[in-house]
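The values are calculated or read from the model by the stated rules, or taken from the named source; none is laboratory data. In this text the structure is predicted, and so the values were computed from the model without any measurement. FYI the Cβ positions are ideal-geometry reconstructions off the backbone, even for glycines, and counts take in every protein chain you see. Heavy atoms of the whole protein, side chains included, go into the accessibility calculation; ligands, DNA and RNA do not. Shrake-Rupley method; radii C 1.70, N 1.55, O 1.52, S 1.80 Å.
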Protein chains: 2
Amino acid sequence: MVLASALQWIIPIAGIAAVAFALYLARDVLSRDKGTQAMQDVADTIREGADAFIKRQYTTIGLLALAGAVVIGIVIYLVETREVADVPDLAGAPIAVMTAIAFLVGAAASMASGIIGMYISVRSNVRAASAAQRSLVEAVQVAMRGGAVSGFLVVALSLLGVWGIFTAYSAFVGGVTVREAPFLIVGFGFGASFVALFAQLGGGIYTKAADVGSDLVGKVEAGIPEDDPRNAGVIADLVGDNVGDCAGRGADLFESTAAENIGAMILGVGAFLIAQAAGWPSPEAWIFFPLVVRGFGLLATIVAIFFVRGREDENPMNMLNRGYWVTTILSVVGLLITTNVMMNTADAVGANGIPAWVWFFFAGVVGLATSVAFVYITQYYTAGTFRPVREIAEASKTGPATNIISGTAVGFETTAVTAITIGIALFASHWLGQQANLVNAAGHDVGGIFGTAVATMGMLMTTAYILAMDTFGPITDNAGGIAEFSHAEAGAREITDRLDAVGNTTKALTKGYAIASASLAAFLLFSAYIDKVNLIIGNQIEAGTKTASDLLTAVNLADVSVFIAALIGAMLVYFFSSLAIRAVGTTAQSIIVEVRRQFREMPGIMDYTQRPDYARVVDITTRAALRQMVLPGVVAVATPILVGILLGHEAVAGLLMVGTIAGVLLATVLNNGGGAWDNAKKYIEAGHLVDADGKVLGKGTPAHAAAVVGDTVGDPFKDTAGPSLHVLVKLLATITLVLAPLFIR
Amino acid sequence: MVLASALQWIIPIAGIAAVAFALYLARDVLSRDKGTQAMQDVADTIREGADAFIKRQYTTIGLLALAGAVVIGIVIYLVETREVADVPDLAGAPIAVMTAIAFLVGAAASMASGIIGMYISVRSNVRAASAAQRSLVEAVQVAMRGGAVSGFLVVALSLLGVWGIFTAYSAFVGGVTVREAPFLIVGFGFGASFVALFAQLGGGIYTKAADVGSDLVGKVEAGIPEDDPRNAGVIADLVGDNVGDCAGRGADLFESTAAENIGAMILGVGAFLIAQAAGWPSPEAWIFFPLVVRGFGLLATIVAIFFVRGREDENPMNMLNRGYWVTTILSVVGLLITTNVMMNTADAVGANGIPAWVWFFFAGVVGLATSVAFVYITQYYTAGTFRPVREIAEASKTGPATNIISGTAVGFETTAVTAITIGIALFASHWLGQQANLVNAAGHDVGGIFGTAVATMGMLMTTAYILAMDTFGPITDNAGGIAEFSHAEAGAREITDRLDAVGNTTKALTKGYAIASASLAAFLLFSAYIDKVNLIIGNQIEAGTKTASDLLTAVNLADVSVFIAALIGAMLVYFFSSLAIRAVGTTAQSIIVEVRRQFREMPGIMDYTQRPDYARVVDITTRAALRQMVLPGVVAVATPILVGILLGHEAVAGLLMVGTIAGVLLATVLNNGGGAWDNAKKYIEAGHLVDADGKVLGKGTPAHAAAVVGDTVGDPFKDTAGPSLHVLVKLLATITLVLAPLFIR
């Protein structure tokens, strides 16, 4: 018992250690050599653009979040009367204020990690480029450390935020028991979702609009080379890489970890009640368990960063993989300690006389294994060394149409192994959890669902490392751009090219990881939703307004309302993607208009005597992207609310679950299809495609042109719609969780 | 009571009348002028190809069906022991034989209607071409009458088949009561599904492989014009039009009507029991009701055929619409009569004192209205006069990539109005049904579900007419090809061009209708599945091996197994489509190899002294397509069985329902996206696209080339994968219905 309580201190310790380590890494990176003056000039323009983006984007999101908090506070105040409150004593104003505060803290923490991550990312790129002049290993380390700043901050701020607000509410608000507190902090997850939606959607629209728009106005219209610095859109494009993969994915995974922590704590309440009734040593440990696991994950990642090293002639992917495996193995150890100490069931044992903690330990291992599986599945489907990408490259020989058809077939195909892996992970962790024999007073098994929660925790232990690898992507991508622009020596450019290729793989792989964790987190969140609905109905039963038969025991698909809601959930995913994809085209128009204006009104640009206004293009594009994200954003938020009000609390659960299934699969199709198209183009550019006579079909051939079409099609799929769907899936979960009282009839 | 029994005679009367009328139409069409010798020569080659296709395709499907019947018989014999049989007295051999026979009859009736429809279709084309030399109205009538042969046969054989086998089993097999008989004939629906899967999948692969393959080997490789008769693949392509839209869609809707009839009869058993208990005049009328409604639909369509007329200068679409509205209005009258006579609840009334039959009548009207809604929704999304197609055409200005992105966005968008319309139809018809106050002994409402069944019946009343319009498509398409090949006079070609454009619309519209009816039919079928499972568990409760708590009262998505099965159901839809799309590419290779061989070994082809071997190309392509359909076919059949065995009867219901939702939406995306791409190309070819200076961007421009890419991408989407998904959705339903005993634990 003492040990279990002591172990809870790992939460703030690990959180603060991770923040401190992030600061150390930031200092380390910033203190490094910034390279030649030419390099610094390019980097400065990127930084200038990024600053313009951050200012505009986060001011808008901040204002939206503020408005959101007020609206949510008012809605909760009006809706959450004593009759439908999860904690009746706090009904009305107290719970409204607490939810609004939690929402704001969640939003602020997510924004802070995004802003700081971006800040470091756009300063690491030039250091990585400079390091590439000297050493591959050093360049890898700079990029990885720069990326790790994001990774640590995202996970640590999410952990500290959840822990802080939980501690504050359970310690300082009168009458809140430890079993009620998890329900009071769901606003934190909703705030994180809200920011993630707009960060990912606005960022995704921005990045691809900049890509497409600058190509059209520069290469096609003005006839200047693709990455020519006279085209102000080019810098917007380089900024965009950081926006999508650093800020966007960071917010995405911030949300995953926050929502997963809160959801798992809510499920932990079920175990807490059993532990309390049975008199096991440390009941609250079941509620704090998810946070402790996360803390160990952070510590494991800190150690792993020092293992990112290798020989100069080594494949850089191996260096990153080395660190990943260290994180994974240390996480297993952390999991072992945590389950052993915190899941103390005294004399009670699970199936076959094996203690409960052992079963849960293995459930956590299932989660870690799922994470590893997804890393390799994504590589198979998007790397040029395997069948799918080669198939698309081959299909390019007969033109763009067959390239598109083949890529679509590959994208569709990837759902199979994704769904089966998630299915096995859920089934195995649920089964393992059931063996723990956690049965509540009503005779229902609680362990099974908790097993899936532990698997999700296991999976998310490596988040900080995965995010570091992800942000490695835009840093090396930018480093390549800087080396190119500044005409760096061939050796440096060869190194940045190699790193860029690795970065493409890590970016794809993070999406696979994000989607898998989103689906596990979602399953846990709708279990939490059911718990919350039943907590409220339970209160109503006590108040005599409802009977036990009103409890939500099943989300019955055979019920017409549930079925209709499910249909709408699956539709939402397509409709939302349609709006997101269309928004890219509309936003690209703004960039085209502005660059045209610069060419026209600043005649010195063309002969290099005048400097294009980079920041203005970024700002205009950002504003356009922010405007364009309103419609899909509103659709995403309004649909579950409308369906919940019209069809009730059981139906909205159907929307949530089937929307999650549909969203996970469509995101898989879009992400992997897009990644495969991208790499099929790279495969051809690398000269791997040959015709019947053995002649290489490289750049400039019709096959390459066809592959470029596929790559362009894949861009808004994999960088706008796909990642936005990850966020949508989790938003559905947190929105219904927060607004549950509104839907109960 | 007497009247209700008398009305049942409408079933055989309408069925036989429709067959007789189809024969009359066939005679009428065949007796018409076959046109010039040149026309007849071309038509003969198409016919020759079609005969080769029919022979190969239906021999294979027939053998597969025979094998399928044996396997199903054996499985049912082994599985359906007394303990898990729906009709315990017939457990083992009797039920195995009865299911196998029903399967074979369903398969044979579906095949027969497909073969005869194709037979007439490939003979109507030349008559329509010939009529176009004289009169637009006559050409429309010939094509529509030729198409109506298919329409009537499909619906009539399905009706007579279900009625015949039901009558035979309930009258001649000892101990079968009228309430048990509907469960015994589900094999008929499974047989129809089985044939439809292979007809649609094999046919869809064939038709697009012929299209793509003949283009590549002729236009690209040999450098001869696109529709040059020296290329034997061209005829395979013309044959393909009939294969997909006549035989394929015919089998698709045969299955819809058969499955809907059987499912509605099973649900009718619930109403039958209530009627019997309450002593209402004619309890069996509730079971026969769906068949009588279908009978009235056939009679309405017979009358409507005579309204397909108009002025020479009229838009042909108006003539077809005139007949469609006559069918719809007469169907409303038929529905009014049937509900009034057959739903006699004596003194019992529904909500607000309104008789039950009135509520159900309006539920049926909801179905008919849904059918009308889908006709217009499809037109909006796929016709050049509206925003979506114009948007794609505009996007073509910036190349193939933006064309594809825009088409994808449109395809995704179409799911919104589709899902909402289906949702409203289900909700309204369910609500109306609930008002009828049909409550069973256990206190459960039966009327709601039955209301959705009546809506499905209403929707499917117009099937024969819709199918006639659908087959109108390939007939006029072929007529256009014949007029072109035979260098018919300009006036005739102008008429066939106009008809061809209308045919494109009717083909698209039938797909919309098919998918909407598939989703309504599926909802009804999984209600029937639950009824069947509970019938079996009810028997087990009587036998004392189970208790009342084992009854399937909900398909609980929050259950891990159900959720996993649902995930797999949604994934199956993508994976199956991926295999179908890929099969097109592989099959196209066979046609290329054979045409190359002909060019090489028959040097006379090129200077027109030697006739290409058309039949051989068709046969080889057919064989290749049949081989390629094996893998997706096996996946479609095996997945529900495996999931059912591994995860149980509740989980497989989850697979079925979420698979249906996912299938309906993905089919909508593929069908409408494909249709919109096709028409965006036609829109540009018609000269509607202009650049910024007002210059027309027509054939030969880069914008047109970009639109051709979109059209080619859309081909396997809308003609192979999309329609095959309709069939997959229904196959999932019939397979689980037949094999339910296998899944019960």
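Tabulated values for the structure
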item: Lone unmet requirement of (1) over 30 Å from residue A:269 (Cβ atoms); (2) crowded, with 21+ Cβ neighbours inside 10 Å; (3) over 25 Å from the mean Cα position of the chain (by Cα) for residue A:73; result: (1)
item: Some residue of the range B:37-58 being more than 30 Å from residue B:487 (Cα to Cα) and not charged (D, E, K, R); result: yes
item: Extreme residue, modelled with the lowest pLDDT, among residues of the range B:376-386 that are touching a helix residue (DSSP H, G or I) at 6+ places or on another chain (Cβ under 8 Å) and surrounded by fewer than 24 Cβ atoms within 10 Å (Cβ to Cβ); result: B:384
item: Matching entry among A:618, A:584 (being under 30 Å from residue A:47 (Cα atoms) and touching a Pro at 6+ places or on another chain (Cβ under 8 Å)); result: A:584
item: Residue in the range B:451-468 that is in a helix (DSSP H, G or I) and either in contact with a His (Cβ under 8 Å, 6 or more places away or on another chain) or open to solvent by 10 Å² or more (accessible area, probe 1.4 Å) (or both) present; result: yes
item: Scan of the range B:392-420 for residues that are charged (D, E, K, R) and more than 7 Å from every other protein chain (Cβ to nearest Cβ), ordered by number; result: B:394, B:397
item: Considering residues of the range A:24-51 that are within 30 Å of residue A:337 (Cβ to Cβ) and in contact (Cβ under 8 Å) with a residue 60 or more places away in the chain only, the residue most open to solvent (accessible area, probe 1.4 Å); result: A:28
item: Lone qualifier among A:573, A:560, A:533 - being within 12 Å of chain B (Cβ to nearest Cβ), over 30 Å from residue A:674 (Cα atoms) and in contact (Cβ under 8 Å) with a residue 12 or more places away in the chain; result: A:533
item: Tally, over the range A:309-350, of residues that are of a type in the set (A, V, I, L, M, F, W, C) and under 23 Å from the mean Cα position of the chain (by Cα); result: 8
item: Residue identified as in contact with a helix residue (DSSP H, G or I) (Cβ under 8 Å, 6 or more places away or on another chain) and modelled with pLDDT under 90 among B:716, B:741; result: B:741
item: Residue within the range B:207-228 that is in contact (Cβ under 8 Å) with a residue 24 or more places away in the chain, part of a loop (DSSP other than H, G, I, E, B), open to solvent by 40 Å² or more (accessible area, probe 1.4 Å) and within 30 Å of residue B:482 (Cβ to Cβ) present; result: yes
item: Residues (open to solvent by less than 20 Å² (accessible area, probe 1.4 Å) and under 30 Å from residue A:676 (Cα atoms)) located in the range A:412-450; result: A:412, A:413, A:414, A:415, A:416, A:418, A:419, A:422, A:423, A:425, A:426
item: Given (1) open to solvent by 30 Å² or more (accessible area, probe 1.4 Å); (2) acidic (Asp, Glu); (3) farther than 29 Å from residue A:253 by Cβ, index of the condition residue A:138 fails; result: (3)
item: Lone unmet requirement of (1) crowded, with 21+ Cβ neighbours inside 10 Å; (2) in a helix (DSSP H, G or I); (3) touching a residue at least 60 places away in the same chain (Cβ under 8 Å) for residue A:96; result: (3)
item: Sole exception among (1) more than 14 Å from chain A (Cβ to nearest Cβ); (2) of a type outside the set (Asp, Glu); (3) assigned to a loop (DSSP other than H, G, I, E, B); (4) in contact (Cβ under 8 Å) with a residue 40 or more places away in the chain for residue B:546, by number; result: (4)
item: Within the range A:273-294, tally of residues that are assigned to a helix (DSSP H, G or I) and open to solvent by less than 10 Å² (accessible area, probe 1.4 Å); result: 10
item: Enumeration of residues in the range A:187-227 that are β-branched (Val, Ile, Thr) and either modelled with pLDDT of 90 or more or over 26 Å from residue A:245 (Cα atoms) (or both); result: A:195, A:205, A:207, A:220, A:224
item: Residue ranges of helices (runs of 4 or more DSSP H) in the range A:627-745 with at least 2 members at the interface with chain B (Cβ under 10 Å from one of its Cβ atoms) and either touching a residue at least 40 places away in the same chain (Cβ under 8 Å) or surrounded by fewer than 24 Cβ atoms within 10 Å (Cβ to Cβ) (or both); result: A:630-647, A:649-685, A:702-716
item: Only listed residue being farther than 30 Å from residue B:275 by Cα, buried (at least 20 other Cβ atoms within 10 Å of the Cβ) and either of a type in the set (Val, Ile, Thr) or more than 11 Å from chain A (Cβ to nearest Cβ) (or both), chosen from B:389, B:365; result: B:389
item: Residue count, the range B:315-350 (criterion: out of contact with any Leu (no Cβ under 8 Å at 6 or more places or on another chain) and under 22 Å from residue B:509 (Cα atoms)); result: 13
item: Residue satisfying condition, being within 22 Å of residue B:297 (Cα to Cα), within 14 Å of chain A (Cβ to nearest Cβ) and surrounded by 24 or more Cβ atoms within 10 Å (Cβ to Cβ), within set B:520, B:509; result: B:520
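Residue-wise test of (1) touching a residue at least 12 places away in the same chain (Cβ under 8 Å); (2) among the hydroxyl-bearing types (Ser, Thr, Tyr); (3) within 14 Å of chain A (Cβ to nearest Cβ).
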residue	(1), (2), (3)
B:568	yes, no, yes
B:580	yes, no, yes
B:585	yes, no, yes
B:595	yes, no, no
B:610	no, no, no
B:614	yes, yes, no
